[in-house]
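Each remark here refers to the structure printed beneath this line.
Just so it is clear, none of the values below were taken in a lab; they were calculated from the coordinates. All figures in this text were calculated on a predicted structure; none of them were measured in a lab. No Cβ is skipped: glycine too gets one built from the backbone with ideal geometry, and neighbour counts run over all protein chains shown.
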Amino acid sequence: MIDQAPALIVVIPLLAALFITVIGVYKPRLSWILTVLTFVITSIFTIITLKQVVVIGPVYYMFGNWPAPFGIEFVIDHLNALIIAMISIVALLVAIYSKHDVKKELGDKIPHFYSLFTLLVTGLLGITMTGDAFNLYVLLEVSALTSYALLALSKGRAYIATFNYLIMGTIGACFYLLGVGYLLINTGSLNMADIATIINANTYSYAVLAAFLFIMIGMWTKMALFPLHGWLPNVYTYAPTSTSCLLAPLMTKVSVYVMLRMMTSVFNYDYIFNVLQWQQVIVALAVLAILAGSILAFRQDNLKRMLTYLIVAEIGYMVGGAWLGNVNGFTGASYHIIADGFMTLCLFLAIGCIIYKIGDSSLASMKGIFKKMPLTMVGFLIGAFSMIGIPPTCGFFSKWYLLSGAYEAGAWPFFVALLVSSLVNAILFFRIIEVGYFHALPEEEPNHNHPKHKRDEAPLSMIIPLLTTAGLLIGIGIYTADIVTYLIRPFINTFL
Amino acid sequence: MIIGFDVICLCLILLCAILALYIKDLMGAVIVFGAYSFLMCIVWACNAAIDVAFTEAAVGAGVGTVFLVSTVYSTTRVDSFKKNRFITQLLMFFVVCIVGSLLLLTVTDLPEWGDGNAPANAHLSSYYLENSIDDTHVPNVVTSVLADYRGFDTMLETCVVFIAFIAIFAILRVRKSRTNNDETSKIFELLVPSYQKVDSVIIKTASHLMIPFMQLFALYVVAHGHYSPGGGFQGGVILGASLILLAISYDFKKSLNYLSEKKVILLVALGVLIYAGIGVICLFLGGNFLDYSVLSKILPATDSIMARSHAMLGVEIGVALTVMVSMYGIYLCLSSNGRFDKGL
């Protein structure tokens with residue numbers, strides 16, 4: 001059973017999605033528990049695989065038992081073992097969290113929501129594990145289509161925002177496909193490892209350059225790197241709460257992962273950093289992304305919208321880190337995929353709780369929130385500290401690696417941008433603390449005599465995932481050294 | 001490939017593409033777009049990609065046009081798109097120029113048309129061509145690559161069709177009990193034009209005659225995919241088109257009598273389930289996922305190679321089922337605005 005784990009990680013959620021659709025026709029209530037069960041099993045399998053990778057090394061799985069370049073292959077090495085574990089745990093937490101929220105926001109569309117939800121995670125897990133460039137595109141399509149549908153399940157302005165996302169996402173996917181097409185013309189193969197050996201044996205032609213450029217542009221569009229970020233804030237702001245909790249931590253990070261995978265396993269280090277030498281330009285773009293994201297976040301008075309701009313800034317962290325081209329930069333970027341996934345999840349879950357109870361997430365309605373929802377705000381604060389980069393949360397360590405990478409590469413603008421972004425985050429979150437802690441609840445100012453009436457927490461099924469995520473942020477921070485030595489360094493050693 | 005013919009085709013395609021963007025009447029644009037798809041289909045056929053041409057004809061020119069027509073009917077016919085500002089236009093022009101020049105730059109690196117030594121023809125393709133019969137007993141290499149060598153991709157593509165249906169259904173479906181006697185339902189009635197039921201004997205009789213033959217042909221396409229161009233996707237689309245024709249020529253009630261909303265959802269899921277289920281059976285028999293050869297243990301009188309061929313037929317049937325019902329279901333959602341009462 002264990003050697004079938006890579007297939008099962010994808011197949012179990014896929015089958016579950018079908019069953020949820022079928023059972024949803026008769027018993028829509030069962031879909032939530034089915035989804036949670038699915039992700040419990042998937043998480044167990046991903047963790048088993050992670051352990052196996054640490055102990056034995058990369059795991060290969062051949063679909064249909066066809067050997068690698070002829071059939072489709074899943075390759076799970078040290079980097080993506082970590083990321084599939086993150087994806088399945090995030091999916092599990094959001095699935096538990098979504099119970100009350102979905103009932104409130106979506107009504108009779110619950111089974112469809114959960115079947116799309118599981119399929120989205122299937123797609124993301126597949127993207128992360130596959131070792132085949134075209135299979136990656138198909139899985140990209142699966143995850144993209146489901147995400148458009150999930151986002152459009154909301155009402156009002158969500159339609160227009162989703163339509164913009166649909167256009168941008170499709171353009172991104174087209175660019176990626178065009179790049180894969182060029183790779184196929186050049187090499188005749190679609191398997192990543194096979195492509196890598198063939199490309200590196202030849203001299204680099206314009207067609208290889210075009211392939212690389214198109215794949216990178218496609219992924220930058222998908223991950224919303226600064227000048228291409230336009231679709232992201234509206235989409236995540238107007239989406240249903242549970243959808244944005246699932247998409248915000250995962251979609252952009254998986255695109256970053258694909259970029260890392262393409263840079264390291266298909267095109268090699270020498271080609272990107274010594275032949276092309278674009279690192280200056282891309283790091284400059286990343287600096288712009290960080291600064292623009294931070295400045296735009298500063299101007300928002302809606303918490304959810306503010307967070308969406310912070311995502312834009314965080315993307316700059318990872319792209320910049322990867323393009324520094326040194327060990328610390330790659331470590332920071334890889335580690336930040338995990339750290340940022342859980343950080344974003346934590347903050348979105350907290351904001352979801354607030355929206356569930358208060359109805360909106362504007363800064364003005366945060367008055368007295370600490371007294372009203374203390375547990376939610378504990379989770380929020382830990383997420384915020386991680387975003388700012390306060391030890392022992394994991395946000396501190398990723399920033400540390402990125403800063404030392406920037407220092408070694410002499411990329412001073414990136415170094416400064418990271419510090420400025422931390423400062424901006426600190427100001428942003430302390431502004432919320434000020435409003436939430438020191439300003440009293442508006443209706444309670446006349447009488448302070450009923451402290452018990454003030455507490456009004458979100459349901460337990462929402463609080464538990466939030467606090468678990470907050471715990472994970474600290475846990476990952478404490479085990480940083482282990483994660484880096486056993487998982488990220490072995491991955492970097494394969495190409496550097 | 002005949003150079004002169006190809007050049008004419010490509011010029012016409014370009015013309016159609018520009019026209020489809022330029023025409024302000026959306027119905028006209030849709031028709032031009034259908035013509036574009038047909039021309040694309042000819043280009044594929046000229047390049048000896050018969051399976052792709054078949055799919056393009058069935059999906060792009062056939063069902064795709066019907067979807068667009070029903071969308072235009074239930075929304076608006078007039079293109080009221082705001083003109084972009086000059087700066088935006090200039091920016092777009094530059095982006096297009098850069099991408100275009102990059103594409104032109106690579107032309108010199110591309111291999112000659114039909115060059116046997118080009119990497120795309122020499123590396124993996126030659127393996128498939130030489131070994132497909134020995135490995136799978138399937139003479140149509142496209143089918144063996146699609147359903148066996150890269151069967152996992154095809155399963156996910158079927159999944160994409162399933163997602164498309166579930167997505168459209170989840171977004172558009174409106175329950176009657178909810179909107180009945182409601183303000184929104186009245187506004188809905190005002191906004192959405194209701195259609196006069198046209199009882200045309202000619203249309204009914206003509207489609208009555210056509211539908212059985214369409215379905216028979218579709219079944220042939222599905223079943224004969226091993227030996228000739230075709231397979232689950234193409235056959236499924238033709239089957240779906242026959243159901244759509246039924247819904248158009250008669251009314252919703254008659255077609256919903258054959259396939260109700262509930263059945264549509266169940267059958268769409270069942271199609272993918274057949275495909276994934278065959279893969280899971282392989283797992284239980286001790287092989288890898290989608291390793292059809294182990295099915296010889298349960299299929300009577302088949303060796304491991306013939307088992308691959310049989311299993312391919314099984315997965316093609318799953319694909320056909322999902323595609324057929326999705327096409328029909330998407331049409332129902334689009335043309336009735338998700339109300340499932342009356343449509344085109």
- Message: To the nearest 20 Debye, how big is the dipole of chain A about its Cα centre, given +1 on the beta carbon of each Lys and Arg and -1 on that of each Asp and Glu?
- Response: 1120
- Just in segment B:193-258: which trypsin sites (Lys or Arg not before Pro) are loop by DSSP and have at most 10 other Cβ atoms within 10 Å? B:197
- Farthest toward the dipole's positive end in segment B:1-106, which of B:66, B:46, B:9, given Cβ charges of +1 (Lys, Arg) and -1 (Asp, Glu) about the Cα centre? B:66
- Message: For a Förster distance of 56 Å, can you work out the FRET efficiency between the beta-carbons of residue A:205 and residue A:439, rounded to the nearest 0.05?
- Response: 0.35
- Message: With unit charges on the beta carbons (Lys and Arg positive, Asp and Glu negative) and the dipole taken about the Cα centre of chain A, which residue among A:273, A:423, A:242 sits farthest to the positive side?
- Response: A:242
- 222 nm [θ] for the protein assembly as shown, helices only, -39500 (n - 2.57) per DSSP H run of 4+, per residue, to 500? -24000 deg cm²/dmol
- How large is Rg over Rh for the protein assembly as shown, taking Rg from the Cα atoms and Rh as the Kirkwood inverse mean of 1/r across Cα pairs? 0.96
- Query: So how much slack lies between residue A:493 and residue A:430, counting 0.36 nm per residue of separation and subtracting their Cα-Cα distance, in nm?
  - Reply: 18.7 nm
- Note down the nm distance, to one decimal, between modelled labels 7 Å out along Cα→Cβ at residue A:390 and at residue B:105. 4.8
- Query: Using the Karplus equation 6.51 cos²θ - 1.76 cosθ + 1.60 (θ = phi - 60°), what ³J(HN,Hα) coupling, rounded to whole Hz, does each residue of segment B:156-168 give in order, writing x for Gly and Pro?
  - Reply: 5, 5, 4, 4, 4, 4, 4, 4, 4, 5, 4, 5, 5
- Task: Over the whole of A:10-18, what's the average partner chain Cβ count within 10 Å per residue? Rounded to a whole number, please.
- Result: 5
- Non-local residues with an amide H under 5 Å from the amide H of residue A:188, with H modelled 1.01 Å from N and Pro and chain starts lacking one, are B:120
- Hey, could you get me the Stokes-Einstein D for segment B:21-90, Kirkwood radius over alpha-carbon pairs, 20 °C and 1.002 mPa s, rounded to whole µm² s⁻¹? 158
- Query: Rounded, prolate or oblate: which fits segment B:34-135 when a ≥ b ≥ c are the square roots of the eigenvalues of the alpha-carbon gyration tensor, with rounded for a/c under 1.5 and prolate only if a/b beats b/c?
  - Reply: oblate
- Links that overshoot a 23 Å alpha carbon limit, given the list A:99/B:263; A:104/A:304; A:99/A:304; A:51/A:399; A:155/B:83: A:99/B:263; A:51/A:399; A:155/B:83
- Message: Run through segment B:1-84 and list the chymotrypsin sites (Phe, Trp or Tyr not before Pro) located in a DSSP loop whose Cβ has at most 14 other Cβ atoms within 10 Å.
- Response: B:81
- Task: Taking the Cα centre of the protein assembly as shown as origin, work out the dipole magnitude from +1 charges on Lys and Arg Cβ and -1 charges on Asp and Glu Cβ, in debye rounded to 20.
- Result: 3000
- Query: In debye, nearest 20: dipole of chain B around its Cα centre with unit charges on the Cβ of K, R (+) and D, E (-)?
  - Reply: 1820
- Task: Return the loop-located trypsin sites (Lys or Arg not before Pro) in segment A:273-344 (DSSP other than H, G, I, E, B) with at most 15 other Cβ atoms within 10 Å of their own Cβ; answer none if there are none.
- Result: A:299
- Query: For the pair residue A:155 and residue A:360, how long in nm is the line joining their label points, each one 7 Å along Cα→Cβ?
  - Reply: 1.7
- Prolate/oblate/rounded label for segment B:139-344 (Cα gyration tensor, a/c 1.5): prolate
- Under 5 Å, built H, 5+ apart or other chain: amide partners of residue A:131: A:73, A:74, A:75
